[in-house]
Amino acid sequence: MLTLENDKRVKGELDTVWEILTDNKCFADAGPDIIRVEVLSGEGLGLGMIRRVHHRISGSWEEECIEWEPQSHFTMQVRGDNYLLPVTYLRRKTSMEQKQKNVVITIRYEYTPKYGPFWFFPE
């Protein structure tokens, strides 16, 4: 499994950033190629919620919220094998932490490429 992590510092309060990042409509609005997000089970975003993300070019995929700690972090895991990238496993953890007048957002991807670590070595 490989990991990719990115941090971003934004001005604001933790509760406001949390509300934006956990809103399915905002997720669709922020992703340039995301057409819409459809909640399949559960209400909004929370532990056990399953949603279908519709992509402009590559169809759609399903994600499940497998970890939920309010105003701290949440984890989404792709279900099935129809994700737009050639991966056999993908989990995205979004974390937030208040640092004075800023919020540090960390997004960590854990994934397994279908074709090995450099896309061309078979598993």
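Restricting attention to the stretch 84-103 and to residues that are modelled with pLDDT under 95 and among the aliphatic types (A, V, I, L, M), the residue that is farthest from residue 12 (Cα to Cα) turns out to be 87.
Looking at 90, 4, which one is within 24 Å of residue 115 (Cβ to Cβ), loosely packed, with under 15 Cβ neighbours inside 10 Å and out of contact with any Leu (no Cβ under 7 Å at 6 or more places or on another chain)?
Working: 90 fails: loosely packed, with under 15 Cβ neighbours inside 10 Å.
Being within 24 Å of residue 115 (Cβ to Cβ), loosely packed, with under 15 Cβ neighbours inside 10 Å and out of contact with any Leu (no Cβ under 7 Å at 6 or more places or on another chain) holds for just one of 90, 4, which is 4.
All told, residue 80 falls short of being small (Gly, Ala, Ser) and touching a residue at least 24 places away in the same chain (Cβ under 8 Å). Checked against the criterion of being surrounded by 14 or more Cβ atoms within 10 Å (Cβ to Cβ), in contact (Cβ under 8 Å) with a residue 12 or more places away in the chain and among the small types (Gly, Ala, Ser), the candidates 60, 72 yield just one match: 60. Do we have any residue at all in the stretch 63-72 that's in contact with a helix residue (DSSP H, G or I) (Cβ under 9 Å, 6 or more places away or on another chain), aromatic (Phe, Trp, Tyr) and under 26 Å from residue 14 (Cβ atoms)? The answer is no, given that none of the residues of the stretch 63-72 is in contact with a helix residue (DSSP H, G or I) (Cβ under 9 Å, 6 or more places away or on another chain), aromatic (Phe, Trp, Tyr) and under 26 Å from residue 14 (Cβ atoms).
Taking the condition of being among the polar types (S, T, N, Q), under 24 Å from residue 106 (Cβ atoms) and part of a strand (DSSP E or B), how many residues in the stretch 36-84 meet it? Explain how you work it out, then say what you get.
The first filter runs over the stretch 36-84 and keeps only residues among the polar types (S, T, N, Q), leaving 41, 58, 60, 71-72, 75, 77, 82.
Right, trim to under 24 Å from residue 106 (Cβ atoms) and you get 71-72, 75, 77.
Filter again for part of a strand (DSSP E or B), leaving 75, 77.
Residues that pass the stated criteria total 2.
Counting only residues that are of a type in the set (D, E, K, R), surrounded by 14 or more Cβ atoms within 10 Å (Cβ to Cβ) and out of contact with any helix residue (DSSP H, G or I) (no Cβ under 6 Å at 6 or more places or on another chain), the stretch 9-37 holds 1 of them. Within the stretch 17-35, residues that are over 12 Å from residue 105 (Cβ atoms) and assigned to a strand (DSSP E or B) sit with their Cβ atoms under 7 Å from residues that are among the hydrophobic types (A, V, I, L, M, F, W, C) and at pLDDT 90 or above, at 6+ positions apart or across chains, in these pairs: 34/53. Would you call residue 41 surrounded by fewer than 15 Cβ atoms within 10 Å (Cβ to Cβ), at pLDDT 95 or above and not charged (D, E, K, R)? So residue 41 does not fit the description; no.
In the stretch 85-99, which residues are closer than 18 Å to residue 55 by Cα, among the aliphatic types (A, V, I, L, M) and in a strand (DSSP E or B)? Before the answer, list the steps.
Of all residues in the stretch 85-99, those closer than 18 Å to residue 55 by Cα come to 85-87, 90-92.
From the residues that got through so far, the ones that are among the aliphatic types (A, V, I, L, M) too are 85, 87, 90.
The answer is 87, 90.
Hey, any hits in the stretch 73-80 for a residue that's of a type in the set (A, V, I, L, M, F, W, C) and at pLDDT below 95? Among the residues of the stretch 73-80, at least one is of a type in the set (A, V, I, L, M, F, W, C) and at pLDDT below 95, which makes the answer yes.
The values are calculated or read from the model by the stated rules, or taken from the named source; none is laboratory data. Since this is a predicted model, take the numbers as computed values, not measurements. Here the Cβ is made from the backbone with ideal geometry for all residues, glycine too, and neighbour counts use every protein chain on show.
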